[in-house]
Amino acid sequence: MAQAKKTTSSKPTFTAEEREAMKEYTEELKRTAKRGGATTREDGERDLLEKVAAMNEPDRSMAQRVHEIVSEAAPELQPKTWYGMPAYAIGKDTICFFQPAGKFKARYSTLGFNDKARLDDGAMWPTSFALTELTPEVEGRIAELVRRAVG
């Protein structure tokens, strides 16, 4: 009986973009540790705005506007970065985040919510939303979702 050939895949487990996001998360953890394990609202907002400023258009404008909407709709959320993306937290729990289209070479940006967000609606509900344009209707929906997410 012939022995089966052992095959190995040269395909990486994570994409370059995913590896970069993990690297950014590690840097965020180190930065928090250097700050004594806590990040002030000012630190978080500065970190977030630096990430937004580094984005290409149209991601930059959309991220800036999402930041304004989230900050107004739920001022109790603390701005931060999360895997290199603008995000908003209550304590250590990330509630929602903005994933720019350019981060993973997607055709749209995403507004995502984590499990701590209070968006429950029966046995199934959406936790991420594609964003291609910020119309007044979309901006209103974002504000509504963020308010619901924090309860």
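Values in this text are rule-based calculations from the coordinates and carry no lab data. Since we're looking at a predicted model, the values are computed, not measured. Quick reminder, even Gly has a Cβ in these numbers, built from the backbone with ideal geometry, and neighbours come from all protein chains shown.
In segment 23-46, what residues are within 15 Å of the chain's Cα centre (by Cα) and either in a loop (DSSP other than H, G, I, E, B) or surrounded by 13 or more Cβ atoms within 10 Å (Cβ to Cβ) (or both)?
Across segment 23-46, the qualifying residues are Glu24, Tyr25, Glu28, Gly44, Glu45.
Go through the residues of segment 6-13 one by one and say whether even a single one is assigned to a loop (DSSP other than H, G, I, E, B), more than 23 Å from Glu139 (Cα to Cα) and in contact (Cβ under 8 Å) with a residue 12 or more places away in the chain.
Checking segment 6-13: not a single residue is assigned to a loop (DSSP other than H, G, I, E, B), more than 23 Å from Glu139 (Cα to Cα) and in contact (Cβ under 8 Å) with a residue 12 or more places away in the chain.
Taking strands (runs of 3 or more DSSP E) that do not extend beyond segment 87-142, which have at least 2 residues that are buried (at least 17 other Cβ atoms within 10 Å of the Cβ) and without any contact (Cβ under 8 Å) to a residue 24 or more places away in the chain?
93-99, 109-113
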